[in-house]
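Below: the structure, in C-alpha cells.
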Amino acid sequence: MALTPSTMYLELGTKAPEFTLTDTISSKKLSLSELKSDIATVIMFMCNHCPYVIHMNDELVRLPKEYKGKGISFIGISSNDADTYPDDSPIRMKEIAEKLGYIFPYLYDESQSVAKAYGAACTPDFFIFDKDLKCIYRGQLDNSRPGNDIPVSGKDIRNALDNILASKPVDSNQKPSIGCNIKWKK
C-alpha cells in the first residue's frame, strides 16, 4: 500500500466526465447521465481491500441512507486492477456491497479510464457535482484515518451537501483525501 493523497486535479466548476460502467450489484450498464441527481451527485472512488475505505465503510453506508431521501445521488466506482488485486474483482465488489448494504450502484471501471478522466489517485477519493454536473467539491470525507483516533463523521462531505441543500456556496477550501493508491494496470 502506497499512501497517496487526492490529486485535486479536477478544477472546481469542471463538468463531470460522462461514463457508462457495469454495476456489479445489478450487472446492468449504467451511465452518469442516468444516475445523476437534479440536486447533487456524489462520486466515490473506492475499493474493497483498502484499509482507509474499510475504516469508513459504516459512514459510506450511513451517508447515502441519510441524503438519498433529500435527492442526492451516490455512485461508488472501483478502478483497481482486479487481476493483481482479486479482492477488488466485480464478484467481490457485489459480495461486499450486499454484505454492507450499499444502496448506491457500485461500478467497475475495468479500463481505468474513468479514474483517469477524474484525476482520481486514491481510495477513497470523493467528488461532488451540482445539478448541472459541475464539480463543487473534491477531496476527503473527513479528518479520520485508521489509527488517528478521530471518529469517522463524514464532516467535510456532510458540510458540502448541507450547503447545497440550503442553497449556500460550498467552501472552496477543500482538503485532499488520503488513502491507498489506485492499483493501476501495468
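Read the figures in this text as sums done on the coordinates, not as results from a lab. Note that the structure is a prediction, hence the values are computed from the model and not measured. Positions of Cβ are generated from backbone atoms using ideal geometry, with glycine treated the same way; all protein chains shown enter the neighbour counts.
Diffusion coefficient (Stokes-Einstein, Kirkwood radius over C-alpha pairs, 10 °C, 1.306 mPa s) for the range 3-181: 99 µm²/s, rounded to a whole number. Here the 3J(HN,Hα) profile of the range 41-55, calculated from phi with Karplus coefficients 6.51, -1.76 and 1.60 at θ = phi - 60°, is 10, 9, 10, 10, 7, 8, 7, 7, 8, 5, x, 6, 6, 4, 4 Hz, Gly and Pro shown as x. Here the sum of -39500 (n - 2.57) over DSSP H runs of 4 or more residues, divided by the residues of the chain, equals -8000 deg cm²/dmol at 222 nm, to the nearest 500.
If you average the C-alpha positions of the range 15-80 and of the range 116-186 separately, how far apart do those two centres end up, in angstrom? Their Cα centres are 12 Å away from one another. 3J(HN,Hα) along the range 138-151: 8, x, 8, 6, 5, 7, 6, 9, x, x, 9, 6, 8, x Hz, from the Karplus curve 6.51 cos²θ - 1.76 cosθ + 1.60 with θ = phi - 60°, whole Hz, x for Gly and Pro. For the range 23-28, backbone phi angles converted through the Karplus equation (6.51, -1.76, 1.60; θ = phi - 60°) give residue-by-residue couplings of 7, 6, 7, 9, 6, 8 Hz, Gly and Pro being listed as x. Roughly what % of DSSP beta bridges within the chain run antiparallel, to the nearest 5? Roughly 70 percent of the DSSP beta bridges within the chain come out antiparallel.
Here residue 111 and residue 15 are evaluated by their C-beta separation; at R0 = 30 Å the FRET efficiency comes out at 0.90. Contact order for the range 3-181, expressed relative to its length and based on alpha carbon pairs under 8 Å spaced 6+ residues apart, stands at 34 percent. Could you sort out which of 36/68; 131/168; 94/186; 15/131; 65/155 sit more than 22 Å apart by Cα distance in this structure? Exceeds cut-off: 94/186. Near residue 11, once Lys and Arg are set to +1 and Asp and Glu to -1 for all other residues with Cβ below 13 Å from its Cβ, the sum equals +3.
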